[in-house]
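The values are calculated or read from the model by the stated rules, or taken from the named source; none is laboratory data. Treat the numbers as computed from the prediction; the structure is a model and nothing was measured. Cβ atoms come from the backbone with ideal geometry, glycine included; neighbour counts cover every protein chain shown. Areas reflect the complete protein model, heavy atoms only, side chains present, ligands, DNA and RNA absent. Shrake-Rupley method; radii C 1.70, N 1.55, O 1.52, S 1.80 Å.
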Amino acid sequence: MDAASSIMAFDFGTRSIGVATGQRITCTARPLTAFKAREGVPDWQQIEKLLNEWRPETVVVGLPLNMDGSEQPLTARARKFANRLHGRFGVQVVLHDERLSTVEARAGLFERGGFRALEKGKVDAGSAVIILESWLEQFPE
């Protein structure tokens, strides 16, 4: 596996889906964008465009769980989104526990820019960064 290969992460939500990209060599990620979604359904053409541009070796989808690790209604929807990513585009998709990623993203954005930094798209893309960096820490190779 090429150490510099890109990895993409999605922070799934019913109204917005944050996206980040990163790489194994530095174990870092950066926010890309956030897509609007309707009841969890994104604009698949926008996602296809990003996947074609970045050509990630792996796609990480955040798995929303309750604090005790149990599943919630959004968990099944995130799994369905991950399955569709794999089915439509043939990319390798892994699910990763995303507990507290949004809280952490909000705290980091607020620290750097105050309330104005807490725009929904930035929070969702920031959450995707945290999901991806957390996954890279657990699976560096």
Ignoring ligands and nucleic acids, what accessible area does GLU71 show with a 1.4 Å probe (Å², nearest 10)?
100
For PHE81, what accessible surface area do you get with a 1.4 Å probe? Give it in Å², rounded to 10.
10
Cβ-derived FRET efficiency at R0 25 Å, ASN66 paired with VAL91, nearest 0.05
0.35
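Sort 39-45, 26-32 for me by packing, meaning the mean count of neighbouring Cβ atoms within 10 Å per residue, highest on top.
Numbers: 39-45: 12.7, 26-32: 17.0.
With the highest mean Cβ count within 10 Å placed first, the list reads 26-32, 39-45.
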For GLU137 the rounded accessible area (nearest 10 Å², probe 1.4 Å, non-protein molecules ignored) is 150
To one decimal place, what orientation-averaged projected area in nm² is obtained for the convex hull of the Cα set of the range 18-80?
5.4
Taking R0 as 22 Å and r as the Cβ-Cβ distance between THR26 and THR75, the FRET efficiency 1/(1 + (r/R0)^6), rounded to the nearest 0.05, comes to 0.15
